[in-house]
1. When the chain is treated as a GNM, springs tying every alpha-carbon pair under 10 Å, which of GLU179, GLU140, GLU162 comes out with the largest mean-square fluctuation?
2. Where a ≥ b ≥ c are the square roots of the eigenvalues of the C-alpha gyration tensor, would you call region 59-135 rounded, which needs a/c under 1.5, or, failing that, prolate if a/b is larger than b/c, or oblate?
3. Please build a GNM for the chain, connecting alpha carbons under 10 Å apart, and tell me which residue among LYS172, LYS13, LYS84 fluctuates the most.
4. Can you give me the accessible area per residue for region 71-179, using a 1.4 Å probe, in Å²?
5. Distance check, please: which entries in LYS151/LYS172; LYS37/LYS84; LYS13/LYS101; LYS13/LYS42; LYS157/LYS186 exceed 20 angstrom between their Cα atoms?
6. Summing -39500 (n - 2.57) over the DSSP H runs of n ≥ 4 in the chain and dividing by its residue number, what mean residue ellipticity at 222 nm do you reach, to the nearest 500 deg cm²/dmol?
7. Run through every distinct alpha carbon pair of the chain and return the Kirkwood hydrodynamic radius in angstroms, one decimal place.
8. With the chain treated as a Gaussian network of Cα nodes joined by springs under 10 Å, which of THR176, THR94, THR130 yields the largest mean-square fluctuation?
Amino acid sequence: MKVQTEINYEGVKAFLIARVSDTRQTDALPAQTLRLKEYADKLYLNSEHFSFDETAYKEDRLKFREIIKKINDYPDFCILVFDKIDRYTRDASTEAVMILKRLVREGKIELHFPSDNLVYHKNSPAADKTRLGMGMVFGEYYSSAISDNVKRKIQQKLHEREFPGKAPIGYKNVATTDEMGKVLSKNIVPDPARRQYIERAFQLRLEGKSFRLIAKILK
């Protein structure tokens, strides 16, 4: 790890947090975890590790808030360690960030970012505060850029008369390929295994049947 410090952190409580919020970063989660553990071992920290794949489970965002509460309630000085600044947050206005900034000002916690060679504490110089702020700004920009790219991709699919997403129940995704297996086009078609049930459900609803009764009949 790059971070160098003369402070003795031996035995200090540390919360190690590995996070990914983009499907393209999922494979990087184990590497993040490894770097955090190596950093904790180097400083002889009393570490507790948390790992979140927020691309798959929205509940993990709730778990992160629970950790922030746990840190807020911790009675002694502690350290919060993220691999990089963009793993800390991409939104400087979130409640979690506000809480952590307050705890830093009060001297209750420090924020460590090993891969960015940054330790942020209540007496951090202006240069370090600027580095943290710029890192958060660039992280927010990256997140917004991803959102823009997704929207453009959806618009392109609609323009090309493609369904922009996974086929709904009763349909299935199909792809047309050439002799070499290259995908030429994608479309959705009725799913022969489920189609009859979906049609039957609509027919029953048009007849005034309740959802509960429809489910019973289909079962």
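The values are calculated or read from the model by the stated rules, or taken from the named source; none is laboratory data. This is a predicted model, so every value here is computed, not measured. Because the Cβ atoms are built from the backbone with ideal geometry, glycine has one as well, and the counts that use them run over all protein chains shown. The protein model used for the area step is the full one, side chains on, heavy atoms only, and it has no ligands, DNA or RNA in it. Shrake-Rupley method; radii C 1.70, N 1.55, O 1.52, S 1.80 Å.
1. Result: GLU179 has the largest fluctuation of those listed.
2. oblate
3. In the Gaussian network model the winner is LYS172.
4. Averaged over the residues of region 71-179, the accessible area is 60 Å².
5. Over 20 Å Cα-Cα: LYS151/LYS172.
6. Calculated from helices alone, the mean residue ellipticity at 222 nm is -14500 deg cm²/dmol.
7. Computed over Cα pairs of the chain, the Kirkwood hydrodynamic radius comes out at 21.3 Å.
8. THR176
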